[in-house]
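Here is the structure we will look at, set down as structure tokens.
None of the figures in this text is laboratory data; all of them are computed from the coordinates on show. Just so you know, these numbers come straight off a predicted model, no measurement behind them. With ideal geometry, Cβ positions are generated from the backbone for all residues, glycine too; neighbour counts draw on all protein chains shown.
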Amino acid sequence: MPVQVVTQRSRGFICVNAHPEGCARNVERQVDEAQAALHSPAGATPARLAGIRNALVIGGSTGYGLASRVALGWGYGARTLGVFFERAPEGDRTATAGWYNTVAFHHLAQRDGLQAASLNADAFSDEAKRAAVEILKREMAPVDLVVYSLASPKRTHPRTGVTHNSTLKPIGKAYTNKTIDLATRKVQEITVEPASEQEIADTVAVMGGEDWKFWIDTLLEEGLLAKGARTIAYSYIGPTLTWPIYWDGTIGRAKLDLEKTARELEALLAQRVGGHAWISVNKAIVTQASAAIPVVPLYMSLLFKVMKQEEIDEDAAAQMRRLYLQLQAPGEEMILDGAHRIRLDDREMRADIQAEVAILWPQVTTENLLELSDFAGFDRGFKNLFGFEVEGVDNAKPVETDVRW
Ligand code: NAD
């Protein structure tokens, strides 16, 4: 059993190792907050009494998926099946953060008497869907809620065997703007060349709605969806500042495809089980997926500064508590925008918040980065994702890295 000191090792915008105790502490904090929210007068929803008994969370080991799993588990006492793709520990090599998050999730679920199962597999494959069906049939049927929270750089299509790679590129013409080089911490210009038609199609194949539809079709075929079952997938829109690289870019095309799928699934679920399908447009938060997008980390650093000043900033856990414990609570009517989307990004998109970010944007430089923006918060949040520099955890102490659920 390797007990070792784990020091953060990064490559560009990714961290190649993770700290098991830091990750465990992060999950514990989310659980503590969910419990506190339930017991506060504002959080006194009938969540525990009715609603969601069984939930499938696809992409449930980090970011919005993990936060959804915690909110559903501790908010509703729901049994959850988490599906994700993480690296196990091997010899002296640490596991990925999502692996350690899951170990912590199971530990806390067991402590609190919550039933949970996890499947580490490629969610895009037919094998993973079959394995999930077996677990659901055995342990948690029928399913009341399916959360679709995958963020992946590639997908091997189960029918054609072709592997599609997603890209983060503008469409039509090159895009030049400021960004932070996360390795050098310099604010500099970046030019991203426009995507080819093939790259657009590939990104839609990875991050669009086809796989979500395959999951729901599989669950319907197997008779595994409860009466009134709901499914939710996550999206992002953001301000016009980032549109060339996000909403009007390759990933935006994929999100439009996801919206189209939501409309198809809404009709299908209404007819088959009296259920619903929604897109929830969430706020920008630091995750492994969002840190990889050019320009966005600098935008987030400014956004966090402004939102914290106004005391309206939310992390993934707070967003998912708002979604599941308030908006989705039993008896609540969903409030949707004109395009049938839930808008959890309402605070980020407030006109006064965006006006302030727009004023700061042209001013920010390498020299004044720490003063004008909350890059320090972004940077800490990024390290925290991998269990580093987490409050209350001493990274200099040796830890067991070969841990499993
Ligand atoms: P993340 O990187 O934290 O999580 C991605 C999850 O997908 C992980 O659990 C990972 O294991 C899983 N995964 C990746 N490939 C997989 C595969 N082949 N099979 C099984 N699991 C796989 O990402 P995130 O930022 O939480 O993103 C989740 C969703 O939320 C995405 O749709 C994203 O667009 C959306 N979203 C993110 C933000 C943001 O700011 N981060 C904002 C709004 C919406």
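Structure above, values below:
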read-out	value
Karplus-derived HN-Hα couplings along region 287-298 (A = 6.51, B = -1.76, C = 1.60, θ = phi - 60°), whole Hz, x at Gly and Pro	9, 4, 5, 6, 5, 7, 8, x, 6, 4, x, 5
FRET efficiency estimate (nearest 0.05) - Cβ-Cβ, R350 to L327, R0 22 angstrom	0.80
Stretchable slack from T184 to R93, in nm (0.36 nm times residue separation minus alpha-carbon distance)	30.2 nm
Interchain or long-range residues, amide H under 5 Å from K154's placed H	S166
Cleavage-rule hits (GluC sites (Glu not before Pro)) in region 368-405: DSSP loop, at most 11 neighbouring Cβ within 10 angstrom	E391
Nearest-20 debye value, the chain charge dipole, Cβ charges on Lys, Arg, Asp, Glu	560
Under Karplus coefficients 6.51, -1.76 and 1.60, residue-wise ³J(HN,Hα) of region 225-242 in Hz, glycine/proline x	9, 6, 4, x, 4, 10, 9, 9, 10, 9, 9, 9, 10, x, x, 4, 3, 9
Size of electric dipole in region 319-381: Cβ of Lys, Arg +1 and of Asp, Glu -1, about Cα centre, debye, nearest 20	280
Neighbourhood charge, 14 Å Cβ-Cβ cut-off, centred on S166 and excluding it, Lys, Arg +1 and Asp, Glu -1	0
The chain, relative contact order in percent, only Cα pairs under 8 angstrom and at least six apart counted	23
Under 10 Å, Cβ to Cβ, from A37 - net charge with Lys/Arg +1 and Asp/Glu -1	0
Selected from T203, T163, T94 as most flexible by GNM, with the chain as the system and alpha-carbon contacts under 10 Å	T163
Inter-site label distance for V133 and T240 at 7 Å from Cα along Cβ, in nm	4.8
Reach of K186 by Cα under 19 Å, taken over aspartates and glutamates that are not fewer than 8 positions away in the same chain	E367, E371, D374, D379
Options L38, A88, G63, ranked by Cα towards positive dipole end of the chain, top entry (Cβ charges)	A88
Separation of the F214 and S196 label points, Cα + 7 Å toward Cβ, nm	2.4
For R230, distant residues with modelled amide H under 5 Å away	L145, V146, H276
